[in-house]
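Here is the structure we will look at, set down as structure tokens.
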Amino acid sequence: MDEKGVVDYANASKTENTRVSYPIYHIDNHEESLQAGHPKKIIFLSADAFGVLPPVAKLSKEQAMYYFLSGYTAKVAGTERGVTEPVATFSACFGEAFLPLHPTVYAKLLGEKIAKHNVDVYLVNTGWTGGSYGIGKRMSIKATRACINAILDGSINDCAFESIPIFNIQVPKALAGVPTEVLNPKNTWENKSLYDATRDELAEMFIENFKKYITADSDFSNAGPKL
């Protein structure tokens, strides 16, 4: 910011990922009560640098709890200092540093709310497709928007689904606006055996990370990947 108070948004000396905040009353149609009803859809966003996860998957209640607790994504250049290429990371409930209670408390609460309010939960991958970082390419914004739109308007419920091996998550066989071969990530990889090896590597990372959340009275690890 210069002496006149003008912000230079091209200046990356402090951070490459600039944000701005403002009072909510600056939005003309804001909700004055600052409250909303219970959601009918929940979307988990993940940037999978391994290129293993599909662009969209429908999760069961148990799977929603598992992936929420895992909080898998990738740190990418522009979000954190020193990161020049994607690095896989697990952050409980997608915000581990900000949790005052044990992560399993929030996962159980999520499961209760999903069951009580009959909520549909989806995992959307905005990361890589056709290969891991350095081989594949980022998921197209157009495809991601098509996935989100299908979730919000309910048209995804008209799709036929198939299960992805190892991760056992349900993906649409066809979805308007998304190339069919992209929906099942293995189909986008030229080297299928490399896909299998990379998929198993990521699955092992999930399994290892989740061990710290397994207790005698809380174990829904069966909802996650199985090798």
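The values are calculated or read from the model by the stated rules, or taken from the named source; none is laboratory data. All values reported here derive from a predicted model rather than from experimental measurement. As a convention, Cβ positions derive from the backbone with ideal geometry for all residues, glycine included, and neighbour counts pool all protein chains shown. What goes into the accessible areas is simple: the full protein's heavy atoms, side chains included, and nothing from ligands, DNA or RNA. Shrake-Rupley method; radii C 1.70, N 1.55, O 1.52, S 1.80 Å.
For the structure I just gave you, tell me whether ILE135 is open to solvent by 70 Å² or more (accessible area, probe 1.4 Å), within 19 Å of PRO185 (Cα to Cα) and touching a residue at least 24 places away in the same chain (Cβ under 8 Å).
Details: open to solvent by 70 Å² or more (accessible area, probe 1.4 Å): yes; within 19 Å of PRO185 (Cα to Cα): yes; touching a residue at least 24 places away in the same chain (Cβ under 8 Å): yes.
Taking the combined requirement at face value, the residue satisfies it.
Just give me the residues in the range 11-36 being small (Gly, Ala, Ser) and either at pLDDT 90 or above or open to solvent by 90 Å² or more (accessible area, probe 1.4 Å) (or both), in sequence order.
The initial filter retains those residues of the range 11-36 that are small (Gly, Ala, Ser), namely 12-13, 21, 33, 36.
Residues satisfying the conditions are SER21, SER33, ALA36.
Per-residue answers, yes or no, for (1) in contact (Cβ under 8 Å) with a residue 24 or more places away in the chain; (2) aromatic (Phe, Trp, Tyr):
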{"position": "LYS4", "(1), (2)": "no, no"}
{"position": "TYR9", "(1), (2)": "no, yes"}
{"position": "TYR22", "(1), (2)": "no, yes"}
{"position": "GLU32", "(1), (2)": "no, no"}
{"position": "ILE42", "(1), (2)": "yes, no"}
{"position": "LEU45", "(1), (2)": "yes, no"}
{"position": "ASP48", "(1), (2)": "yes, no"}
Sort through LYS61, LYS75 and tell me the only one that's open to solvent by 70 Å² or more (accessible area, probe 1.4 Å), in contact with a strand residue (DSSP E or B) (Cβ under 9 Å, 6 or more places away or on another chain) and modelled with pLDDT of 85 or more.
-> LYS61
Of the residues in the range 196-226 that are small (Gly, Ala, Ser) and either in a helix (DSSP H, G or I) or at pLDDT 95 or above (or both), the one that is most open to solvent (accessible area, probe 1.4 Å) is ALA197
State whether the residues of the range 37-48 include one that is in contact with a His (Cβ under 7 Å, 6 or more places away or on another chain), modelled with pLDDT of 90 or more and surrounded by fewer than 17 Cβ atoms within 10 Å (Cβ to Cβ).
-> yes
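Looking only at residues in the range 147-156 that are open to solvent by 60 Å² or more (accessible area, probe 1.4 Å) and touching a residue at least 12 places away in the same chain (Cβ under 8 Å), which one is nearest to THR126 (Cα to Cα)?
First pass over the range 147-156, keeping only residues open to solvent by 60 Å² or more (accessible area, probe 1.4 Å): 149, 152-153.
Now drop any that are not touching a residue at least 12 places away in the same chain (Cβ under 8 Å), which leaves 149, 152.
Details: ASN149: 14, LEU152: 17 Å.
Ranking the candidates gives ASN149 first.
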